[in-house]
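The values are calculated or read from the model by the stated rules, or taken from the named source; none is laboratory data. Source: prediction; values computed, not measured. Positions of Cβ are generated from backbone atoms using ideal geometry, with glycine treated the same way; all protein chains shown enter the neighbour counts. Side chains are part of the model used for accessible areas, which takes the heavy atoms of the whole protein and leaves out ligands, DNA and RNA. Shrake-Rupley method; radii C 1.70, N 1.55, O 1.52, S 1.80 Å.
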Amino acid sequence: MGVVYKAEDLKLGRLVALKFLPSELASDPVAFERLQREARAASALDHPNICSIYHLDEHEDSPLS
């Protein structure tokens, strides 16, 4: 459902993944709610094989996680 990019957190010196909604879904409130639910569900888990969610925000009016 999202587009994921590998990036580096320059402040903390670690690799991170940025997930954006595709441009065709960026203004869809249902898709944004689904992304938020996914982020909340993943952030409730603590396991070495599951990514940690550190931030949920928007960039240039596009949701990202």
- Task: Starting from the stretch 7-37, pick out the GluC sites (Glu not before Pro) whose DSSP state is loop and whose Cβ has at most 10 other Cβ atoms within 10 Å.
- Result: GLU24
- Note on the structure: Counting only protein heavy atoms with a 1.4 Å probe and every protein chain in place, the carbon and sulfur fraction of the accessible surface of the chain in whole percent equals 53
- Which whole-Hz ³J(HN,Hα) couplings does the stretch 12-21 yield from phi under the Karplus relation 6.51 cos²θ - 1.76 cosθ + 1.60, θ = phi - 60°, glycine and proline marked x? 9, x, 9, 7, 9, 10, 10, 10, 10, 6
- Note on the structure: Karplus ³J(HN,Hα) for the stretch 44-50 (6.51 cos²θ - 1.76 cosθ + 1.60, θ = phi - 60°; Hz, whole; x = Gly/Pro) runs 7, 9, 9, 8, x, 9, 10
- Item | Pairwise Cα inverse-distance average, inverted: Kirkwood Rh of the chain (Å) | 12.5
- Query: Taking Cα atoms, how many degrees apart are the long axis of helix 29-43 and the longest axis of the chain, rounded to 10 and kept between 0 and 90?
  - Reply: 20
